[in-house]
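K.L.:
Structure provided below as structure tokens; questions to follow.
Read-outs: derived from the displayed coordinates by stated rules, not from any lab. What you are looking at is a predicted structure, and each value in this text was computed from that prediction instead of being measured. No Cβ is skipped: glycine too gets one built from the backbone with ideal geometry, and neighbour counts run over all protein chains shown.
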Amino acid sequence: MKKVFALMVAITFTLGLAAFAIAGTATNKPILAGENQVHQDLIKAIPKDHIINVFQLHEVWKKAMADPAYRSKIYLLDVRTHPEFYAFHIEGSDHVSMTHVYTLPKKIKDPNAKIYVFCRTSHRSTYVAGMLYKYGYKDVYCVVPTTKDGVKYHGGVVGWAQAGFPLVNEFCGKFKITRYHKLFTEKGEYRLRMFHPY
């Protein structure tokens, strides 16, 4: 009798969790649809000729690194979070987290400033580039995914790394990533790590 009762409790609990999960998903659908609509509207604000890929950004970057006068006229704006930026970034890039995009009109006062916006892959950069157009900026470029020689490249620093372009941080200097994966886990066991984040 106790086994039957325990089984009934387990079944009831499982069905309750399933119903809760389904209800939560149904409740969230209008919000997700709304977010998608806002994102699409912001993408539409970006002129088609101002949507570029990492190879085009690399050409701009090379010119900027070779010519300080040119570099002083453009912004290479990384909009990832602070921890992402400090882990690695494109050398010489500017940084304002997407969460602080509202500060840009106080920092970049010229509405005709040439601004190249990128993030990790492209989702946040399309938000920011679209918002900058809505703010009144007129010359904003957004880095998005592309396909070259049959290979798909992400936008942003992941695509930059895929292409073999150099990155920097304060600990390693300049380096190239040989394999990137968002959920990368180390193989092999370690014996001691102080303040290990995972």
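K.L.:
Counting only residues that are without any contact (Cβ under 8 Å) to a residue 60 or more places away in the chain and hydrophobic (A, V, I, L, M, F, W, C), which one in segment 27-59 is nearest to Phe165 (Cα to Cα)?
P.N.:
Going through the qualifying residues, I end up with Val38.
K.L.:
While we're on this one: Output the residues belonging to segment 81-106 that are out of contact with any strand residue (DSSP E or B) (no Cβ under 8 Å at 6 or more places or on another chain) and under 16 Å from Ser122 (Cα atoms).
P.N.:
Within segment 81-106, Thr81, Glu84, Ser97, Met98, Thr99, Val101 meet the criteria.
K.L.:
Of the numbered conditions (1) free of Cβ contacts under 8 Å to residues at least 24 places away in the same chain; (2) out of contact with any strand residue (DSSP E or B) (no Cβ under 8 Å at 6 or more places or on another chain); (3) within 24 Å of Lys174 (Cβ to Cβ), Lys148 satisfies every one except a single condition; which is it?
P.N.:
Exception for Lys148: condition (1).
K.L.:
Only residues in segment 103-129 that are in contact (Cβ under 8 Å) with a residue 12 or more places away in the chain count as the first member; pair them with residues that are surrounded by fewer than 13 Cβ atoms within 10 Å (Cβ to Cβ), Cβ under 6 angstrom, at least 6 apart or cross-chain, and list the lot.
P.N.:
That search, which allows pairs on different chains as well, returns Pro111/Gly136.
K.L.:
Filter segment 60-77 down to residues that are without any contact (Cβ under 8 Å) to a residue 24 or more places away in the chain and under 22 Å from Thr146 (Cα atoms) and give me whichever is farthest from the chain's Cα centre (by Cα). Full working, then the answer.
P.N.:
Just the residues of segment 60-77 that are without any contact (Cβ under 8 Å) to a residue 24 or more places away in the chain, to begin with: 62-63, 66-72.
In the following step, the residues that additionally are under 22 Å from Thr146 (Cα atoms) were identified as 62-63.
Numbers: Lys62: 22, Lys63: 24 Å.
Among them, the one singled out is Lys63.
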